[in-house]
Amino acid sequence: MKNIEDIIRNNRDLFEDTEPPKGHFDRFSTKLEERFHVQGVKRSIVPYLLKAAVVTLLVTLSSLWIWDNFLSSEGKRMTLGDVSPQYREVENYYIHQVNLLENEINTTAIIDDPEHKDMLKSEMRSMDSVYVQLQKELKANPDDERIISAMIEHYQTKLEVMSYIVNQLKSIRDEQENINGNEKVSL
């Protein structure tokens, strides 16, 4: 090694002035290919096909998701307001009354037992599930007066049940206040 370095240093001016002869780089790459059996880089079409398949799959899945969640009306329910403006007014009235009674139940509720609270909430949810089923039936048969009547009757029944619950809660609260008031008087 020392010998080669000395030769290059001593003959530096010879190496800097001249260019390699024509075809030097071609001959050099040919010798490398022969020595290491290096073949030209082959590009496969498989990665491009895989990328195209993935993009196609993503576009298809996103299109199906958008269709299912935004454009399709299959899973949506129909309300009374969708039938006619008069039924919309009726439905708004009952919804308003139900909301008022729910607020009153929540403010009047003196139920300390979580089991009773859960039971009350469960009963309300079961009543709502009946209404959801009626909405689905209305979507299937929008002109069926029997379904419309059943939905209105459902609201009326729900209001009656909720009014009964509010009255019972108020009477319990009044009894407890009377008992607490009598205890304070006797002290």
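The values are calculated or read from the model by the stated rules, or taken from the named source; none is laboratory data. These numbers were taken from a predicted model, which means no experiment stands behind them. Here the Cβ positions follow ideal geometry from the backbone for every residue, glycine too, while neighbour counts run over all protein chains shown.
Under the condition of being outside any loop (DSSP other than H, G, I, E, B) and modelled with pLDDT of 80 or more, which residue from the stretch 69-85 is surrounded by the most Cβ atoms within 10 Å (Cβ to Cβ)? Residue satisfying both the conditions and the ranking: 80.
Kindly provide the set of residues from the stretch 94-115 that are surrounded by 12 or more Cβ atoms within 10 Å (Cβ to Cβ) and at pLDDT 80 or above, ordered by number. If you could, list the steps in order and put the result at the bottom.
So the first thing to find is which residues in the stretch 94-115 are surrounded by 12 or more Cβ atoms within 10 Å (Cβ to Cβ), and the list is 94-95, 97-98, 100-102, 104-105, 108-109, 111.
Correct list: 94, 95, 97, 98, 100, 101, 102, 104.
Just wondering, is there one or more residues in the stretch 140-151 that are part of a helix (DSSP H, G or I), more than 14 Å from residue 91 (Cβ to Cβ), in the same structural domain as residue 103 (by TED's automatic domain parsing) and more than 33 Å from the chain's Cα centre (by Cα)? Yes; the residues of the stretch 140-151 include at least one that is part of a helix (DSSP H, G or I), more than 14 Å from residue 91 (Cβ to Cβ), in the same structural domain as residue 103 (by TED's automatic domain parsing) and more than 33 Å from the chain's Cα centre (by Cα).
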